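Note sheet for the following structure.
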Amino acid sequence: MSDALSAIPAAVHRNLSDKLYEKRKNAALELENIVKNLTSSGDHDKISKVIEMLIKEFAKSPQANHRKGGLIGLAAVTVGLSTEAAQYLEQIVPPVINSFSDQDSRVRYYACEALYNIAKVVRGDFIIFFNKIFDALCKLSADSDANVQSAAHLLDRLVKDIVTESDQFSIEEFIPLLKERMNVLNPYVRQFLVGWITVLDSVPDIDMLGFLPDFLDGLFNMLSDSSHEIRQQADSALSEFLQEIKNSPSVDYGRMAEILVQRAASPDEFTRLTAITWINEFVKLGGDQLVRYYADILGAILPCISDKEEKIRVVARETNEELRSIHVEPSDGFDVGAILSVARRQLSSDFEATRIEALNWISTLLNKHRTEVLCFLNDIFDTLLKALSDSSDDVVLLVLEVHAGVAKDPQHFRQLIVFLVHNFRADNSLLERRGALIVRRMCVLLDAERVYRELSTILEGEDNLDFASTMVQALNLILLTSPELSKLRDLLKGSLVNREGKELFVALYTSWCHSPMAIISLCLLAQAYQHASVVIQSLVEEDINVKFLVQLDKLIRLLETPIFTYLRLQLLEPGRYTWLLKTLYGLLMLLPQQSAAFKILRTRLKTVPTYSFSTGNQIGRTTSGVPFSQYKHQNEDGDLEEDNINSSHQGINFAARLQQFENVQNLHRGQARTRVNYSYHTSSSSTSKEVGRSEEQQQQQQQQQQQQQQQQRPPPSSTSSSVADNNRPPSRSSRKGPGQLQL
């Protein structure tokens, strides 16, 4: 140290620690000249001693002015060393960097100034300290002192210039440092980081694109910054990288896709738009490279299809169509199960557009990869069934298309119809709101006869009789009114003349027995008029309730529609269709006279020509010829017109059908009586208890009144007492007969 002191005059040593900047500056200039002389003489040992003295006595001094002098002195030594400075950097730079964290803002300021002067001298040799300097500058960019921030910015620009012209810079060592700081929220730090990313990306020899996945998430995080300037800088950097991706032959799409998927769900609108735009480009550019990430990408796209921002919706829809058009196979890594899982989750979305696209994906997968989809059917089937209750008709129609696609296989068809009936049973409102829509669409997508046969088979064994009756009534109304079921109606009209119609009639009859009005409607449709009349005669008092009359009212009104035109035309020949007339008159007799349906039907029957009865009372003869009691032993209808075609429908055992109808109706009546009895016993039991309590209270009141009268009345003689007792009317308790309640 004495060598250093001998080389440096005492005045220079003293002025380096002076509180005045001018004295420290002059001392530094003198020190610079001294070092120049030592350098020219090659006295490196003494130079090293001078540097050590500056560090120990000045840079590390507890006195702020000494530390300031030490920093300006180290810079002066570097300038004096000039081209020889590189070999002393290991001594000079570390204490300067340490001063960046000094508690005195003026010391931090002079540290920036000192390092700036050092960097100007050594240039590229300075790179070995880059990471430490970068870390220090990152902190100084957010310094609380404006002067320090300004000095740090000057130093930062110089360091950037040095890095861009240096061939010693290591991007591999720098990226971990950058990644570590990308999630810092301080706006000054963010600006500092984006600035460095932009500068390094502009250097041709530095491949920032290859390391983009390491800091991409941080850039997206800045898009939602409160500072417009930071958002703009981050967006500019991202746009530049996206353009480079389009022009690059090799890009790691996978790692970035994971980041984009997360950012597509950001609450910030601008971030979502940028993320979905990137995903759109990735799908176009990456294609097959993104197969493993298709499910994740789809999970990000589907919610954006219903985004409140139109720009996001447009890009999301375009991306969705692009993704769906890519042809890949499970052998390529395409995970059908994962895609189905995403679509199933999105069926619970609050937005109709998203639910529709989720169903379109299921339908697409079913068409392209049917075998794989059926393997996952149990995972999505319940969700698809629940979607039948969706508030949107468009969603319900798409669900039905998917179900129809699945039901092409016989085992899945049966499963679908069973689950459909189960849903109707569990949710009565579903049958009421969507029953007609669902059944009609299923009949269009699948064979109508096949659907109705399967429904009839299931309802035939239904334990819930009330539900079975309601379901049959709904199916019957759909059968009678829906244009989609016209072929089915035509087939039933030929039930008495062709085998197909007969088999369908018998198949539906088994479940239609749950509803008298449905059976009558079926017979009218099949032109089995005699059986319809006999069914009407078999009805008992319990069958004619409000529900029955409501159904009858609907049927009467339907008779006036084009569907039953053939029936009304048959009324022109009452002599040939006597059982039709008797059936209609039977329905008329069941209706209340003041009802609108009664007036409609009576008006229709008044139009029946009377001249056809000139041959005699054919209705009477037919009725008397086949009494109801004997009908059960017949196998054929008895209309005069049908006598010529009996040989064509001998397979329909109408007597057995009637017995089947009566058996089912007896079950309904028994269940109804059970409910009534249960309700009666429950109400009568509670009433008996209340009446019993009332009687006890009345008896107690009577006894109290008698005691008061006896106390007020003088005691009578035995004779008068006996007479009085004989003349007194009997008490209530004595008037009660056995088992009677006196109210």
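The values are calculated or read from the model by the stated rules, or taken from the named source; none is laboratory data. Everything numeric in this text was worked out from a predicted model, so none of it was measured. Neighbour counts are summed over all protein chains in view; Cβ atoms, including those assigned to glycine, are modelled from backbone coordinates with ideal geometry. The area values use the complete protein model at the heavy-atom level, side chains included, leaving out ligands, DNA and RNA. Shrake-Rupley method; radii C 1.70, N 1.55, O 1.52, S 1.80 Å.
Scanning region 497-513 for residues that are in contact (Cβ under 8 Å) with a residue 60 or more places away in the chain and open to solvent by 10 Å² or more (accessible area, probe 1.4 Å) yields 497, 498, 499, 502, 506, 510. Scanning region 401-433 for residues that are β-branched (Val, Ile, Thr) and closer than 16 Å to residue 452 by Cα yields 417, 418, 421.
Looking at residue 216, is it under 24 Å from residue 260 (Cα atoms) and either in a helix (DSSP H, G or I) or among the basic types (Lys, Arg) (or both)? Before you say what the answer is, go through the steps one by one.
Details: under 24 Å from residue 260 (Cα atoms): yes; either in a helix (DSSP H, G or I) or among the basic types (Lys, Arg) (or both): yes.
So residue 216 passes the test.
I'd like to check something: does region 476-484 contain any residue that is under 23 Å from residue 521 (Cα atoms), in contact (Cβ under 8 Å) with a residue 12 or more places away in the chain, part of a loop (DSSP other than H, G, I, E, B) and open to solvent by less than 50 Å² (accessible area, probe 1.4 Å)? Walk me through how you get there before you give the answer.
Pass one, region 476-484, residues under 23 Å from residue 521 (Cα atoms): 476-484.
This time we only want the ones that are in contact (Cβ under 8 Å) with a residue 12 or more places away in the chain, so: 476-482, 484.
Okay, now just the ones that are also part of a loop (DSSP other than H, G, I, E, B), so 482.
From the residues that got through so far, the ones that are open to solvent by less than 50 Å² (accessible area, probe 1.4 Å) too are 482.
Checking region 476-484: at least one residue is under 23 Å from residue 521 (Cα atoms), in contact (Cβ under 8 Å) with a residue 12 or more places away in the chain, part of a loop (DSSP other than H, G, I, E, B) and open to solvent by less than 50 Å² (accessible area, probe 1.4 Å).
Within region 543-553, the set of residues being within 12 Å of residue 595 (Cα to Cα) and either without any contact (Cβ under 8 Å) to a residue 12 or more places away in the chain or open to solvent by 70 Å² or more (accessible area, probe 1.4 Å) (or both) comprises 550 only. Might you check whether a residue that is at pLDDT 90 or above, out of contact with any helix residue (DSSP H, G or I) (no Cβ under 9 Å at 6 or more places or on another chain) and not acidic (Asp, Glu) occurs anywhere in region 270-287? No: region 270-287 contains no residue that is at pLDDT 90 or above, out of contact with any helix residue (DSSP H, G or I) (no Cβ under 9 Å at 6 or more places or on another chain) and not acidic (Asp, Glu).
Only residues that are buried (at least 20 other Cβ atoms within 10 Å of the Cβ) and of a type in the set (Val, Ile, Thr) were counted in region 411-440, giving 3.
For region 122-132, which residues satisfy the criterion of being crowded, with 20+ Cβ neighbours inside 10 Å and either at pLDDT 95 or above or in contact with a Leu (Cβ under 7 Å, 6 or more places away or on another chain) (or both)? Within region 122-132, just 122 meets the criteria. Inclusion of residue 206 among residues that are farther than 20 Å from residue 263 by Cβ, of a type in the set (A, V, I, L, M) and outside any helix (DSSP H, G or I) is warranted.
Taking residues in region 175-203 that are within 16 Å of residue 228 (Cβ to Cβ), and partners anywhere that are exposed (fewer than 15 other Cβ atoms within 10 Å of the Cβ) and at pLDDT below 95, the pairs with Cβ atoms closer than 7 Å and at least 6 places apart or on different chains are 187/227. Just checking: which of the helices (runs of 4 or more DSSP H) contained wholly in region 565-650 hold 1 or more residues that are at pLDDT 80 or above and under 27 Å from residue 498 (Cβ atoms)? Here the list reads 565-570, 578-590. Candidates 202, 236, 166, 226: the one that is at pLDDT 95 or above and open to solvent by 20 Å² or more (accessible area, probe 1.4 Å) is 236.
Within region 564-579, the set of residues being over 11 Å from residue 605 (Cα atoms) and crowded, with 17+ Cβ neighbours inside 10 Å comprises 564, 567, 570, 575, 577, 578, 579. Pairs please, first residue from region 562-573 and closer than 13 Å to residue 480 by Cβ, second anywhere and open to solvent by less than 70 Å² (accessible area, probe 1.4 Å) and part of a loop (DSSP other than H, G, I, E, B), Cβ atoms under 7 Å, 6+ apart in sequence or on different chains. Here the result reads 567/559, each pair linking region 562-573 to a residue that is open to solvent by less than 70 Å² (accessible area, probe 1.4 Å) and part of a loop (DSSP other than H, G, I, E, B).
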